[in-house]
């Protein structure tokens, strides 16, 4: 039982770090996509998916955001299912925000 509790605590700490990094990019447009993604989607991700998300969070903002909005081609090592999920989330999130009168 202690192992389960420790794993849950480790995951909670990891998600907290991811959330912090996603919301405090220093690039508002990236914050507004990655922050809500971290809030809403990251808790449902597997450990492998969290690894992929964290790898994207390691990328400099201007590149990452350009890949998300498809202004620049995404390098093959980052162009996978996680990037596709972020792009889909961004389209849905932005559409929902505009529908609420934001933007």
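The values are calculated or read from the model by the stated rules, or taken from the named source; none is laboratory data. Treat the numbers as computed from the prediction; the structure is a model and nothing was measured. In this analysis, Cβ positions are derived from the backbone assuming ideal geometry, glycine residues included, and neighbour counts consider all displayed protein chains.
Structural remarks
- Test for residue 15: is it surrounded by 11 or more Cβ atoms within 10 Å (Cβ to Cβ), in contact (Cβ under 8 Å) with a residue 12 or more places away in the chain and either in contact with a strand residue (DSSP E or B) (Cβ under 8 Å, 6 or more places away or on another chain) or closer than 19 Å to residue 87 by Cβ (or both): no
- Matching entry among 84, 96 (being over 17 Å from residue 24 (Cα atoms) and modelled with pLDDT under 95): 96
- For the range 17-76, a residue qualifies if it is assigned to a loop (DSSP other than H, G, I, E, B), within 15 Å of residue 93 (Cβ to Cβ) and at pLDDT 95 or above, and exactly one does: 41.
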